[in-house]
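The values are calculated or read from the model by the stated rules, or taken from the named source; none is laboratory data. Keep in mind it's a predicted model, so treat the numbers as computed, not measured. Cβ atoms come from the backbone with ideal geometry, glycine included; neighbour counts cover every protein chain shown.
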Amino acid sequence: MILKKHLTISISFFLIISCVKDKDFDISKTKCSELVYNLSLINLNTITEGDITQVQEDIIIEGYIVSSDIENNFFGTIHIQDKAIEPTIAISFLVDLRDYYLQYKLGEKVAIKLKGLYIAKKNNAFVIGGVFTSFGNQSVGRLPSLQVQEHMYAICTNQTAKATKTTIEDLSFSMINTVVELDNLEFIEEELSKTFANEKEETERVLKDCLGNQIKLVNSGYADFATNVLPNKNGNITAVLIEDKNELKLKIRTIADLSFNNNRCPPIVTEFTSTAIFFSEIADPNNNTGARFIELYNSSNESLDLNNWKINRYTNASTDISSSLDLTGYSINAKSTLVISPNKDEFITVYGFEPDISIGKNSVADSNGDDNLVLKDPFGTTIDIFGVIGEDGTNTNHEFEDGKAQRKETISMGSSTYMFNQWLIFNDTGSSNTTNTPQNAPDDFSPKVR
């Protein structure tokens, strides 16, 4: 009989443990409270502007839970936004409570008694909880598990929290701790063979949209899906927006927050060729060598990206490149210019505005008037050229010493060979049908004007 009793108890205990391990069981409905809030989350700054403070008044706040530890990607933090739909603010509640999803359901409304809790502003959002002391300094820490249910209560309502649809570009720090939904995202190519997280290690994976904007997805090394391989398609993600080291990042509650079933984004073309970009003015002022510059012009009706375009300078009669400028990261708007200066401070003093690109002395923009310049596209094709490579410009039709080389306004495209008849050349010699009229800055020059 005694053995039978022990066997019955053991079987019952096994059944209980088995049920707890299975996260697919129905979570029993939490008993609802009738607490009424008396302070909205948006007004938490009336308690503290940021410094840690223990709340002494009978203050009650309310909001909607948007995080869950059901798959162990969240631990010790409950994220709560002020409204079910279109929230304006959200907070984090630090708790030493495992499996809080069993007591507080994802999306449900809760009320929190703040009296006795600690509150502070961490970076751009408020955090509440217990107190943690280190070397005499206090900070908000996790509230012991038994105290959590003494402060947070479920509120009966038909509303549940909904994700705010947005884009990577439209994310802002005002949305921290809220749940967001983004479409047309995919993991970057370099990470497609990787898992969500390294074992027992918080790991970041990079998502991008079809415009090339990127955001990091934070995953726990203890998450149930940590060893899952990242999906290689494009799709939708629902996640809590968090802040880490002053950077916005995403964190999913469960693997079901990802739905990546669409084809990946088409490749983004950032390298192209166009003859609509060309040299429009090259300056070597007679009265100020610090006011030299090169001006490029875009004659097309659309903005053009200069990714991997280059300007090469050949000094005097040299056939070797003496200096080069990589234009990656810059673009030229339609019917607009790009001005490059070797001396930013002097350029501002003389012309009254900043150049688009500032580089150093002896650079491509610091020619003394007898050098040759070549504009190359990303594929190595010569799009435009000033001068003749291998020929010193002195006493030739491409000398602009103490003057300038200005493209005629009728010219609307570059030329892969030097065409003297496309230019107005001013210098101090007047050789080879150029004009012997030295040019002084700023009056004789027109940077940024075509």
Practice item. Could you grab me the full set of residues in segment 119-156 that are in contact with a strand residue (DSSP E or B) (Cβ under 6 Å, 6 or more places away or on another chain) and of a type in the set (Val, Ile, Thr)? Key: Ile119, Val127, Ile128, Val131, Val140, Val148, Ile155
Check your understanding: Which fully enclosed strands (runs of 3 or more DSSP E) of segment 123-236 have 3 or more residues being within 21 Å of Ile91 (Cα to Cα) and not basic (Lys, Arg)?
Key -> 125-134, 137-141, 152-155, 179-187, 214-219
Practice item. Kindly indicate the residue of segment 372-426 that is under 40 Å from the mean Cα position of the chain (by Cα) and β-branched (Val, Ile, Thr) and also farthest from Gly329 (Cα to Cα) among those meeting that condition. Key: Ile411
Check your understanding: List the pairs whose first member sits in segment 326-339 and is in the same structural domain as Leu304 (by TED's automatic domain parsing) and at positive phi, whose second member is surrounded by 12 or more Cβ atoms within 10 Å (Cβ to Cβ) and among the hydroxyl-bearing types (Ser, Thr, Tyr), and whose Cβ atoms are under 9 Å apart, counting only residues at least 6 apart or on separate chains?
Key -> Lys335/Tyr297; Lys335/Ser299; Lys335/Ser300
Point to revise | Set Glu202, Glu169, Glu191, Glu181: member being touching a Gly at 6+ places or on another chain (Cβ under 8 Å) and on the phi < 0 side of the Ramachandran plot | key: Glu202
Check your understanding: Within segment 396-412, is there a residue that is assigned by TED's automatic domain parsing to the domain that holds Ser322, crowded, with 21+ Cβ neighbours inside 10 Å and among the polar types (S, T, N, Q)?
Key -> yes
Study note, to complete from the structure: The correct count of residues that are more than 25 Å from Ser220 (Cα to Cα), part of a loop (DSSP other than H, G, I, E, B) and in contact with a His (Cβ under 7 Å, 6 or more places away or on another chain) in segment 64-122 is 1
Point to revise | Candidate set from segment 317-353 (those that are of a type in the set (A, V, I, L, M) and not in a strand (DSSP E or B)); member that is nearest to the chain's Cα centre (by Cα) | key: Leu327
Check your understanding: Has segment 47-69 got any residue that is modelled with pLDDT of 95 or more, polar (S, T, N, Q) and crowded, with 21+ Cβ neighbours inside 10 Å?
Key -> yes
